[in-house]
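In what follows, a structure is listed as C-alpha coordinates, so that the remarks can point back to it.
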(Lines give C-alpha, C1' and ligand atoms only; values in the text may rest on other atoms or scores of the structure.)
Protein backbone atom coordinates (compact mmCIF):
# COMPACT_ATOMS: atom_id res chain seq x y z
CA UNK A 1 0.00 0.00 0.00
CA UNK A 2 1.28 3.46 -0.86
CA UNK A 3 -0.12 6.93 -0.23
CA UNK A 4 2.32 8.86 -2.36
CA UNK A 5 0.70 12.25 -1.91
CA UNK A 6 1.54 12.22 1.82
CA UNK A 7 5.13 11.09 1.47
CA UNK A 8 8.13 13.36 1.77
CA UNK A 9 11.82 13.01 2.50
CA UNK A 10 12.56 14.77 5.77
CA UNK A 11 15.94 13.50 7.05
CA UNK A 12 14.34 13.33 10.51
CA UNK A 13 13.53 17.03 10.81
CA UNK A 14 9.80 16.65 11.48
CA UNK A 15 10.12 14.18 14.35
CA UNK A 16 6.48 13.07 14.16
CA UNK A 17 5.14 10.26 16.34
CA UNK A 18 2.12 8.03 15.71
CA UNK A 19 1.19 7.26 19.30
CA UNK A 20 -1.30 4.47 18.59
CA UNK A 21 -1.11 1.88 15.82
CA UNK A 22 -2.09 -1.75 15.34
CA UNK A 23 0.48 -2.78 12.77
CA UNK A 24 0.08 -6.41 13.81
CA UNK A 25 -3.51 -6.46 12.54
CA UNK A 26 -4.64 -7.34 9.02
CA UNK A 27 -3.96 -6.12 6.43
CA UNK A 28 -0.97 -4.18 7.79
CA UNK A 29 0.63 -7.25 9.35
CA UNK A 30 1.38 -8.55 5.85
CA UNK A 31 3.80 -5.64 5.26
CA UNK A 32 4.88 -4.24 8.62
CA UNK A 33 8.34 -3.26 7.44
CA UNK A 34 6.89 -1.46 4.41
CA UNK A 35 4.43 0.47 6.56
CA UNK A 36 7.23 1.55 8.91
CA UNK A 37 9.42 2.60 5.98
CA UNK A 38 6.61 4.69 4.47
CA UNK A 39 6.02 6.34 7.83
CA UNK A 40 9.67 7.36 7.97
CA UNK A 41 9.42 8.96 4.54
CA UNK A 42 6.32 10.83 5.72
CA UNK A 43 8.22 12.42 8.60
CA UNK A 44 7.65 10.03 11.52
CA UNK A 45 10.45 8.98 13.84
CA UNK A 46 8.44 6.64 16.05
CA UNK A 47 5.25 4.57 16.09
CA UNK A 48 3.60 3.01 19.13
CA UNK A 49 2.23 -0.46 18.46
CA UNK A 50 -0.56 -1.50 20.80
CA UNK A 51 -0.97 -5.12 21.86
CA UNK A 52 -4.45 -5.85 23.21
CA UNK A 53 -3.51 -8.75 25.50
CA UNK A 54 -0.42 -10.57 26.79
CA UNK A 55 -1.28 -13.40 24.42
CA UNK A 56 -1.27 -11.04 21.42
CA UNK A 57 2.05 -9.63 22.57
CA UNK A 58 3.62 -13.11 22.77
CA UNK A 59 2.38 -13.96 19.30
CA UNK A 60 3.13 -10.73 17.45
CA UNK A 61 5.97 -8.81 19.12
CA UNK A 62 8.74 -10.84 17.38
CA UNK A 63 7.68 -9.26 14.07
CA UNK A 64 9.11 -5.94 15.32
CA UNK A 65 12.54 -7.22 16.32
CA UNK A 66 14.31 -5.33 13.50
CA UNK A 67 12.19 -2.18 13.79
CA UNK A 68 13.56 0.05 16.58
CA UNK A 69 11.28 2.88 15.40
CA UNK A 70 8.37 0.98 16.95
CA UNK A 71 7.78 1.13 20.70
CA UNK A 72 5.18 -0.97 22.48
CA UNK A 73 2.03 -0.36 24.50
CA UNK A 74 0.54 -3.39 26.23
CA UNK A 75 -2.65 -3.98 28.17
CA UNK A 76 -5.92 -5.89 28.29
CA UNK A 77 -8.48 -4.17 26.08
CA UNK A 78 -12.01 -3.92 27.54
CA UNK A 79 -13.37 -6.06 24.68
CA UNK A 80 -11.26 -8.95 25.95
CA UNK A 81 -11.84 -8.49 29.67
CA UNK A 82 -13.99 -11.60 30.14
CA UNK A 83 -11.42 -13.80 28.37
CA UNK A 84 -8.63 -12.89 30.80
CA UNK A 85 -8.03 -13.90 34.40
CA UNK A 86 -5.64 -13.43 37.31
CA UNK A 87 -2.98 -15.30 35.37
CA UNK A 88 -3.21 -12.71 32.60
CA UNK A 89 -2.64 -9.91 35.09
CA UNK A 90 0.40 -11.74 36.48
CA UNK A 91 1.77 -12.24 32.96
CA UNK A 92 1.12 -8.59 32.20
CA UNK A 93 3.12 -7.56 35.27
CA UNK A 94 6.04 -9.80 34.33
CA UNK A 95 6.08 -8.62 30.72
CA UNK A 96 5.95 -4.94 31.63
CA UNK A 97 8.98 -5.46 33.85
CA UNK A 98 10.99 -7.52 31.37
CA UNK A 99 10.62 -5.65 28.06
CA UNK A 100 11.98 -2.10 27.97
CA UNK A 101 10.24 -1.43 24.64
CA UNK A 102 6.90 -1.33 26.48
CA UNK A 103 6.43 2.34 27.33
CA UNK A 104 2.89 2.37 28.68
CA UNK A 105 0.09 0.15 29.95
CA UNK A 106 -2.84 0.31 27.56
CA UNK A 107 -5.18 0.55 25.95
CA UNK A 108 -7.30 -0.09 29.03
CA UNK A 109 -10.67 1.19 30.14
CA UNK A 110 -14.38 0.75 29.56
CA UNK A 111 -16.38 0.24 26.38
CA UNK A 112 -20.15 0.31 26.90
CA UNK A 113 -20.85 0.74 23.20
CA UNK A 114 -20.32 -2.75 21.84
CA UNK A 115 -20.05 -4.52 25.20
CA UNK A 116 -18.09 -7.47 23.89
CA UNK A 117 -17.28 -8.22 27.53
CA UNK A 118 -19.56 -7.79 30.53
CA UNK A 119 -19.52 -4.45 32.29
CA UNK A 120 -18.49 -6.11 35.51
CA UNK A 121 -15.63 -7.91 33.79
CA UNK A 122 -14.47 -4.66 32.20
CA UNK A 123 -14.58 -2.84 35.52
CA UNK A 124 -12.57 -5.55 37.27
CA UNK A 125 -9.81 -5.69 34.66
CA UNK A 126 -9.68 -1.89 34.43
CA UNK A 127 -9.15 -1.50 38.16
CA UNK A 128 -6.62 -4.32 38.29
CA UNK A 129 -4.57 -2.72 35.54
CA UNK A 130 -4.76 0.75 37.06
CA UNK A 131 -3.48 -0.68 40.32
CA UNK A 132 -0.68 -2.38 38.39
CA UNK A 133 0.22 0.89 36.67
CA UNK A 134 0.51 2.57 40.05
CA UNK A 135 2.55 -0.31 41.46
CA UNK A 136 5.02 -0.18 38.55
CA UNK A 137 4.80 3.61 38.07
CA UNK A 138 3.85 3.31 34.38
CA UNK A 139 1.93 5.68 32.12
CA UNK A 140 -1.49 4.49 31.04
CA UNK A 141 -3.38 4.79 27.76
CA UNK A 142 -7.14 4.98 28.19
CA UNK A 143 -9.89 3.56 25.97
CA UNK A 144 -13.33 4.92 26.83
CA UNK A 145 -16.42 4.63 24.67
CA UNK A 146 -19.89 5.55 25.90
CA UNK A 147 -18.44 5.26 29.41
CA UNK A 148 -16.66 8.58 29.89
CA UNK A 149 -18.18 9.57 33.23
CA UNK A 150 -17.51 6.20 34.85
CA UNK A 151 -14.02 6.13 33.38
CA UNK A 152 -13.28 9.55 34.79
CA UNK A 153 -14.76 8.67 38.19
CA UNK A 154 -12.68 5.48 38.39
CA UNK A 155 -9.46 7.27 37.47
CA UNK A 156 -9.99 9.97 40.07
CA UNK A 157 -11.05 7.47 42.73
CA UNK A 158 -7.83 5.50 42.19
CA UNK A 159 -5.63 8.58 42.40
CA UNK A 160 -4.70 9.19 38.78
CA UNK A 161 -5.04 12.96 38.82
CA UNK A 162 -1.72 14.44 37.64
CA UNK A 163 -0.30 11.00 36.82
CA UNK A 164 0.93 10.31 33.25
CA UNK A 165 -2.23 9.39 31.37
CA UNK A 166 -3.13 9.57 27.69
CA UNK A 167 -6.79 9.72 26.61
CA UNK A 168 -6.68 7.66 23.39
CA UNK A 169 -8.84 8.33 20.31
CA UNK A 170 -10.41 11.47 21.74
CA UNK A 171 -13.61 12.34 19.91
CA UNK A 172 -15.48 14.48 22.42
CA UNK A 173 -16.15 18.19 22.86
CA UNK A 174 -14.20 21.11 24.26
CA UNK A 175 -15.90 20.88 27.66
CA UNK A 176 -14.75 17.31 28.21
CA UNK A 177 -11.31 18.14 26.83
CA UNK A 178 -11.00 20.87 29.46
CA UNK A 179 -11.84 18.33 32.18
CA UNK A 180 -9.18 15.95 30.91
CA UNK A 181 -6.60 18.73 30.79
CA UNK A 182 -7.57 19.92 34.29
CA UNK A 183 -6.61 16.47 35.58
CA UNK A 184 -3.12 16.92 34.18
CA UNK A 185 -3.58 14.40 31.37
CA UNK A 186 -2.70 14.34 27.67
CA UNK A 187 -5.10 13.97 24.74
CA UNK A 188 -4.57 11.88 21.61
CA UNK A 189 -6.50 12.74 18.44
CA UNK A 190 -7.14 10.37 15.50
CA UNK A 191 -8.21 10.79 11.88
CA UNK A 192 -11.77 11.63 12.95
CA UNK A 193 -10.49 15.19 13.21
CA UNK A 194 -10.69 15.39 9.41
CA UNK A 195 -14.25 14.05 9.09
CA UNK A 196 -16.85 16.49 7.80
CA UNK A 197 -19.20 16.19 10.78
CA UNK A 198 -16.47 16.46 13.45
CA UNK A 199 -17.06 20.12 14.21
CA UNK A 200 -17.23 19.62 17.98
CA UNK A 201 -13.94 17.73 17.93
CA UNK A 202 -12.31 20.44 15.84
CA UNK A 203 -13.45 23.07 18.34
CA UNK A 204 -12.00 20.96 21.12
CA UNK A 205 -8.64 20.51 19.40
CA UNK A 206 -8.37 24.24 18.81
CA UNK A 207 -8.36 24.67 22.61
CA UNK A 208 -5.77 21.98 23.46
CA UNK A 209 -2.21 23.27 23.94
CA UNK A 210 0.29 21.43 21.75
CA UNK A 211 2.30 20.36 24.78
CA UNK A 212 -0.76 18.36 25.88
CA UNK A 213 -1.73 17.06 22.44
CA UNK A 214 -0.50 14.03 20.52
CA UNK A 215 -1.66 12.45 17.26
CA UNK A 216 -2.53 8.87 16.39
CA UNK A 217 -3.76 6.88 13.43
CA UNK A 218 -5.31 3.94 15.34
CA UNK A 219 -4.50 2.12 12.12
CA UNK A 220 -5.74 0.11 10.33
CA UNK A 221 -8.92 1.92 11.47
CA UNK A 222 -10.15 5.53 11.14
CA UNK A 223 -8.24 6.62 8.04
CA UNK A 224 -8.39 10.41 7.65
CA UNK A 225 -9.91 12.17 4.68
CA UNK A 226 -9.51 11.65 1.75
CA UNK A 227 -8.83 7.99 2.62
CA UNK A 228 -11.80 7.50 4.94
CA UNK A 229 -13.12 3.95 4.69
CA UNK A 230 -9.80 2.59 3.44
CA UNK A 231 -6.95 0.96 5.33
CA UNK A 232 -5.18 3.45 7.56
CA UNK A 233 -1.44 3.43 8.26
CA UNK A 234 1.12 5.65 10.05
CA UNK A 235 2.20 7.45 6.86
CA UNK A 236 -1.20 9.21 6.89
CA UNK A 237 -0.53 10.94 10.21
CA UNK A 238 0.52 14.20 8.45
CA UNK A 239 -3.06 14.56 7.19
CA UNK A 240 -4.25 14.68 10.81
CA UNK A 241 -1.44 17.08 11.65
CA UNK A 242 -2.46 19.30 8.74
CA UNK A 243 -5.97 19.74 10.14
CA UNK A 244 -4.68 20.34 13.67
CA UNK A 245 -2.27 22.89 12.24
CA UNK A 246 -5.10 24.71 10.47
CA UNK A 247 -6.99 24.92 13.74
CA UNK A 248 -3.95 26.33 15.56
CA UNK A 249 -2.88 28.67 12.75
CA UNK A 250 0.42 26.87 12.23
CA UNK A 251 2.26 24.92 9.55
CA UNK A 252 1.80 21.16 9.36
CA UNK A 253 5.49 20.57 10.03
CA UNK A 254 5.32 22.64 13.22
CA UNK A 255 2.43 20.57 14.58
CA UNK A 256 4.09 17.28 13.64
CA UNK A 257 7.19 18.39 15.51
CA UNK A 258 5.36 19.80 18.55
CA UNK A 259 3.03 16.84 19.03
CA UNK A 260 5.98 14.53 18.38
CA UNK A 261 7.92 16.19 21.19
CA UNK A 262 4.91 15.83 23.49
CA UNK A 263 4.79 12.12 22.64
CA UNK A 264 8.54 11.74 23.21
CA UNK A 265 8.19 13.18 26.68
CA UNK A 266 5.11 11.16 27.56
CA UNK A 267 6.55 7.82 26.43
CA UNK A 268 10.18 8.70 27.34
CA UNK A 269 11.31 7.80 23.85
CA UNK A 270 14.72 9.41 24.14
CA UNK A 271 15.71 7.53 27.25
Quiz item: For the range 120-145, how many residues meet the condition of being crowded, with 21+ Cβ neighbours inside 10 Å and assigned to a helix (DSSP H, G or I)?
Solution: 6
Quiz item: Name the pairs whose Cβ atoms lie under 9 Å apart, with the first residue in the range 90-101 and closer than 18 Å to residue 70 by Cβ, the second modelled with pLDDT of 95 or more and surrounded by fewer than 17 Cβ atoms within 10 Å (Cβ to Cβ), and 6 or more positions between them or separate chains?
Solution: 95/58; 96/136; 101/68
Quiz prompt | the range 146-160, subset outside any helix (DSSP H, G or I) and surrounded by fewer than 16 Cβ atoms within 10 Å (Cβ to Cβ), residue nearest to the chain's Cα centre (by Cα) | solution = 146
Quiz item: Are there any pairs with C-beta distances below 6 angstrom linking a residue in the range 34-46 that is farther than 16 Å from residue 261 by Cα to a residue that is modelled with pLDDT of 95 or more and surrounded by fewer than 20 Cβ atoms within 10 Å (Cβ to Cβ), with the two at least 6 apart or on different chains, and if so which?
Solution: 36/67; 36/69
Practice problem: Considering every residue within the range 200-216, establish whether at least one is out of contact with any helix residue (DSSP H, G or I) (no Cβ under 7 Å at 6 or more places or on another chain), closer than 20 Å to residue 25 by Cβ and without any contact (Cβ under 8 Å) to a residue 24 or more places away in the chain. | Solution: no
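To keep it simple, each residue is scored yes or no on (1) closer than 20 Å to residue 54 by Cβ; (2) in contact with a helix residue (DSSP H, G or I) (Cβ under 6 Å, 6 or more places away or on another chain).
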| residue | (1), (2) |
| --- | --- |
| 121 | yes, yes |
| 129 | yes, no |
| 135 | yes, no |
| 145 | no, no |
| 150 | no, no |
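The values are calculated or read from the model by the stated rules, or taken from the named source; none is laboratory data. Small disclaimer: the values here were computed from a predicted structure and weren't measured. With ideal geometry, Cβ positions are generated from the backbone for all residues, glycine too; neighbour counts draw on all protein chains shown.
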